[in-house]
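Novice: The structure's right below; bear with me while I get my questions together.
The values are calculated or read from the model by the stated rules, or taken from the named source; none is laboratory data. Worth saying up front: this structure is predicted, and the values here are computed from it rather than measured. Cβ atoms come from the backbone with ideal geometry, glycine included; neighbour counts cover every protein chain shown.
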Amino acid sequence: MRIGITGAQSVGKTTLLNALRSEPMFKGYSICDEVTREIKQMGFDINEAGSDLTQLLIMQKHIVNIFMNKDMLTDRTSLDGLVYTLYLNLAHKVKPETLAKARSIYEKTITEYDYVFYIRPEFDIVDDGVRSTDQQFRDDIVNIFEGLISEIPRNVHVLTGSVRDRVEQVLKTVGG
């Protein structure tokens with residue numbers, strides 16, 4: 001089973017993923033986290049400073065994750081990659097060709113996730129030294145997510161509440 005957790009920066013995706021790691025149901029699952037952070041560690045700009053190359057590398061990582069892992073939990077999905085690429089295209093920071101490539105990868109991979117869990121912002125942005133702390137940027141990203149989620153050809157589950165509440169929602173949804 002492939003499970004993706006999606007949403008803007010600082011909504012609790014990695015925190016939820018870390019909580020799910022200890023659940024017996026997910027023993028033996030591949031944990032695919034830090035997709036964007038890996039790109040940052042390689043010396044590339046991310047978030048609102050992203051580029052064509054950054055976005056293509058991120059989308060490539062989503063292809064690898066989805067097709068190389070049968071049972072996986074991931075704290076980003078190809079939807080995230082498309083959302084941030086769309087933002088950067090609207091800001092004239094990535095070319096239309098990059099957006100077209102990101103959309104193509106998204107369309108080829110999104111149906112490979114058995115479950116996609118979307119987390120809306122419920123608290124303030126926490127500065128971890130990597131993610132953007134720009135509130136307007138996060139608001140713009142959330143708006144793009146909300147628009148695209150309505151177009152996804154499958155059900156996206158919205159998670160709310162505390163970390164434990166979110167864990168319970170995931171377990172109930174996937175049959176744990």
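Novice: Here is a check on your reading of the model: is Ile110 in contact with a strand residue (DSSP E or B) (Cβ under 8 Å, 6 or more places away or on another chain), among the β-branched types (Val, Ile, Thr), without any contact (Cβ under 8 Å) to a residue 60 or more places away in the chain and outside any strand (DSSP E or B)? Show your work before the answer.
Specialist: Working: in contact with a strand residue (DSSP E or B) (Cβ under 8 Å, 6 or more places away or on another chain): yes; among the β-branched types (Val, Ile, Thr): yes; without any contact (Cβ under 8 Å) to a residue 60 or more places away in the chain: yes; outside any strand (DSSP E or B): yes.
Taking the combined requirement at face value, the residue satisfies it.
Novice: Go over the candidates Met72, Met59 one by one and state the one that is in contact with a Cys (Cβ under 9 Å, 6 or more places away or on another chain) and among the hydrophobic types (A, V, I, L, M, F, W, C).
Specialist: On the way: Met59 fails: in contact with a Cys (Cβ under 9 Å, 6 or more places away or on another chain).
From the options Met72, Met59, the qualifying one is Met72.
Novice: Given the conditions (1) buried (at least 16 other Cβ atoms within 10 Å of the Cβ); (2) out of contact with any Asp or Glu (no Cβ under 9 Å at 6 or more places or on another chain), which single one is not true for Asp124?
Specialist: Of everything listed in (1) buried (at least 16 other Cβ atoms within 10 Å of the Cβ); (2) out of contact with any Asp or Glu (no Cβ under 9 Å at 6 or more places or on another chain), Asp124 misses just condition (1).
Novice: For the subset of the stretch 147-165 comprising residues that are loosely packed, with under 11 Cβ neighbours inside 10 Å and over 19 Å from Gly12 (Cα atoms), which member is modelled with the highest pLDDT?
Specialist: Ser150
Novice: Mind checking which residues of the stretch 29-38 are part of a helix (DSSP H, G or I), closer than 18 Å to Gly7 by Cβ and not polar (S, T, N, Q)? Full working, then the answer.
Specialist: Here is the first cut: in the stretch 29-38, the residues part of a helix (DSSP H, G or I) are 35-38.
If we keep only those that are closer than 18 Å to Gly7 by Cβ too, we end up with 35-37.
Correct list: Val35, Arg37.
Novice: Of these, Asn89, Asn65, Asn18, which one is of a type in the set (S, T, N, Q), free of Cβ contacts under 8 Å to residues at least 24 places away in the same chain and over 19 Å from Asp128 (Cα atoms)?
Specialist: Values: Asn65 fails: free of Cβ contacts under 8 Å to residues at least 24 places away in the same chain; Asn18 fails: over 19 Å from Asp128 (Cα atoms).
None of the others qualify; the one that does is Asn89.
Novice: Additional query: Just to check your reading of the model, which residue among Ile39, Ile31, Ile3, Ile58 is within 22 Å of Arg154 (Cα to Cα) and either out of contact with any His (no Cβ under 9 Å at 6 or more places or on another chain) or not hydrophobic (A, V, I, L, M, F, W, C) (or both)?
Specialist: Working: Ile39 fails: within 22 Å of Arg154 (Cα to Cα); Ile31 fails: within 22 Å of Arg154 (Cα to Cα); Ile58 fails: within 22 Å of Arg154 (Cα to Cα).
None of the other options fit; the residue is Ile3.
Novice: Restricting attention to the stretch 132-146, report how many residues are assigned to a loop (DSSP other than H, G, I, E, B) and in contact with a helix residue (DSSP H, G or I) (Cβ under 7 Å, 6 or more places away or on another chain). Explain how you work it out, then say what you get.
Specialist: In the first step, residues of the stretch 132-146 are kept if they are assigned to a loop (DSSP other than H, G, I, E, B); the result is 132-134.
So of that shortlist, the ones also in contact with a helix residue (DSSP H, G or I) (Cβ under 7 Å, 6 or more places away or on another chain) come out as 132, 134.
Counting residues in the stretch 132-146 that are assigned to a loop (DSSP other than H, G, I, E, B) and in contact with a helix residue (DSSP H, G or I) (Cβ under 7 Å, 6 or more places away or on another chain) gives 2.
Novice: If you scan the stretch 166-176, which residues turn out to be surrounded by 12 or more Cβ atoms within 10 Å (Cβ to Cβ) and either of a type outside the set (A, V, I, L, M, F, W, C) or modelled with pLDDT under 90 (or both)? Give the steps one after another, and end with the answer.
Specialist: From the stretch 166-176, those surrounded by 12 or more Cβ atoms within 10 Å (Cβ to Cβ) are 166-171, 173-174, 176; that's our starting set.
The answer is Arg166, Glu168, Gln169, Thr173, Gly176.
Novice: Against the condition under 25 Å from Asn143 (Cα atoms), in contact (Cβ under 8 Å) with a residue 40 or more places away in the chain, surrounded by fewer than 18 Cβ atoms within 10 Å (Cβ to Cβ) and not small (Gly, Ala, Ser), how does Thr77 come out, does it pass? Spell out the reasoning first.
Specialist: On the way: under 25 Å from Asn143 (Cα atoms): yes; in contact (Cβ under 8 Å) with a residue 40 or more places away in the chain: yes; surrounded by fewer than 18 Cβ atoms within 10 Å (Cβ to Cβ): no; not small (Gly, Ala, Ser): yes.
In short, no.
Novice: For the stretch 43-53, does any single residue satisfy the condition of being in a helix (DSSP H, G or I), surrounded by 16 or more Cβ atoms within 10 Å (Cβ to Cβ) and among the acidic types (Asp, Glu)? So that I can check it myself, show each step before the final result.
Specialist: Going through the stretch 43-53, the residues in a helix (DSSP H, G or I) turn out to be 47-49, 52-53.
Filter once more, so that each one left must be surrounded by 16 or more Cβ atoms within 10 Å (Cβ to Cβ): 47-48, 52.
Now restrict to residues that are among the acidic types (Asp, Glu): 48, 52.
Yes, some residue in the stretch 43-53 is in a helix (DSSP H, G or I), surrounded by 16 or more Cβ atoms within 10 Å (Cβ to Cβ) and among the acidic types (Asp, Glu).
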